[in-house]
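The values are calculated or read from the model by the stated rules, or taken from the named source; none is laboratory data. Keep in mind the model is a prediction, meaning the values are calculated, not measured. Because the Cβ atoms are built from the backbone with ideal geometry, glycine has one as well, and the counts that use them run over all protein chains shown. When the accessible area is computed, the model is the full protein with side chains, heavy atoms only, and any ligands, DNA or RNA have been set aside. Shrake-Rupley method; radii C 1.70, N 1.55, O 1.52, S 1.80 Å.
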Amino acid sequence: MSGDMAPHVVEDFSGVVQLLSDGTVVRGDGAALLPSLEPNHDVPGVQWKDVVYDAAHGLRVRVYRPTVGDGGKLPVLVYFHGGGYCIGAVEEPNFHTFCLRAASELPALVLSVQYRLAPEHRLPAAIDDGAAFFSWISGQAALGAGADPWLAESADFARTFVSGVSAGANLAHHVTVRLASGQPVVDPVRVAGYVLIDAFFAGVERTASEASPPANVSLTVEMADQLWRMSLPVGATRDHPVANPFGPDSPSLALVALPPALVVAPGGDVLYDRVVDYAARLKEMGKSVELAEFEGEQHGFSVLQPWSPASSEFIRVLKQFMEKTARPGPAQI
């Protein structure tokens, strides 16, 4: 009888995440999908620690604080890791190393945010967590000297940037839209800009770079499709507003007062056309957008090879963007 059948695998993402027919999720080591970092670079002069921001869901933020000679306050870079909304963690070496380097070289107080993963917690759970984090950080900013000591001593909340890589960039987009719409209100935090690194967007209709992808890509179309099936609400298509910000059911961004954006597009990414299109559409709406293209680089290059020349160039571009957009402007949140 069918009722006596044992649960079977419905989705298997590289043996790391398996979704069974009864809804059970079996997880392996997600870090196994990322290249090992050899040698294991340390970054002198950067302290880090974990702080719980949502006790109810057991969520934490990893805080990276560089040593600065003058003891002055630093811009705040909020960072969401990648992993297709199904894998990834703040403690994984590739994300950890990027955050160490960013904290040191920008320099900035980097806040790497944990969020709930699918398929156990399907979207928009991760976006809700990102918004909840900003409610928490707003509360910290309001506390002043009573906040977490590292935040009280080092954070210039008037220079806060929202960023993420891959799915984390998708998350950063949606969180920034919510903040720009006043949901939630985060005063006295001021979002000076946002940074989308290799954004994980999708759509039912294939783009040219998806239909004829470059060779030896780090993220294939099939992988992306599977991650969306495992993370979107059951039955949703890739035109769901979370996956496709310009889909048929997606709310218009024309009247949303978005802060300046830095959009990073690796040339060797199957999602290249979607990322470039995102930047172009925002420009057509009159938004402030800087597009940084990295010819020949793979999806996730900044974390797959965080010490590569391309990653060094990206850090330079990010530093320049943060310095020029940290000044108050009319479109900043």
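Contact annotation: residue pairs with Cβ atoms under 7 Å, 6 or more positions apart or on different chains, pairing a residue in the stretch 56-73 that is at pLDDT below 95 with a partner that is open to solvent by 20 Å² or more (accessible area, probe 1.4 Å) and part of a loop (DSSP other than H, G, I, E, B), are 67/45; 68/107. Of the numbered criteria (1) open to solvent by 30 Å² or more (accessible area, probe 1.4 Å); (2) touching a Cys at 6+ places or on another chain (Cβ under 7 Å), the one residue 227 fails is (1). Here the stretch 280-293 is the region considered, the condition is being open to solvent by less than 50 Å² (accessible area, probe 1.4 Å) and assigned to a helix (DSSP H, G or I), and the residue that is farthest from residue 241 (Cα to Cα) is 280.
Scanning the stretch 272-279 finds one or more residues that are of a type in the set (Lys, Arg) and in a helix (DSSP H, G or I).
Which of the strands (runs of 3 or more DSSP E) found entirely inside the stretch 52-153 contain at least 2 residues meeting this: closer than 14 Å to residue 168 by Cα? Output list reads 74-80, 109-113.
Inside the stretch 128-154, residues that are open to solvent by less than 30 Å² (accessible area, probe 1.4 Å) and farther than 15 Å from residue 53 by Cβ make up a count of 2. Considering 320, 298, the condition of being open to solvent by 30 Å² or more (accessible area, probe 1.4 Å) and touching a residue at least 24 places away in the same chain (Cβ under 8 Å) is satisfied by 298 alone.
Return a yes/no flag: does the stretch 177-189 have any residue that is open to solvent by less than 30 Å² (accessible area, probe 1.4 Å) and polar (S, T, N, Q). For the stretch 177-189, residues open to solvent by less than 30 Å² (accessible area, probe 1.4 Å) and polar (S, T, N, Q): absent. Reported count of residues in the stretch 155-172, each being farther than 19 Å from residue 87 by Cα and open to solvent by less than 10 Å² (accessible area, probe 1.4 Å), is 4. Hey, residue 193 hits all of (1) in a loop (DSSP other than H, G, I, E, B); (2) buried (at least 20 other Cβ atoms within 10 Å of the Cβ); (3) in contact (Cβ under 8 Å) with a residue 60 or more places away in the chain but one; which does it fall short on? (1) is the only condition that residue 193 fails. Taking the criterion of being in contact with a strand residue (DSSP E or B) (Cβ under 9 Å, 6 or more places away or on another chain) and either open to solvent by 50 Å² or more (accessible area, probe 1.4 Å) or in a loop (DSSP other than H, G, I, E, B) (or both), the residues of the stretch 241-268 that qualify are 258, 259, 260, 267, 268.
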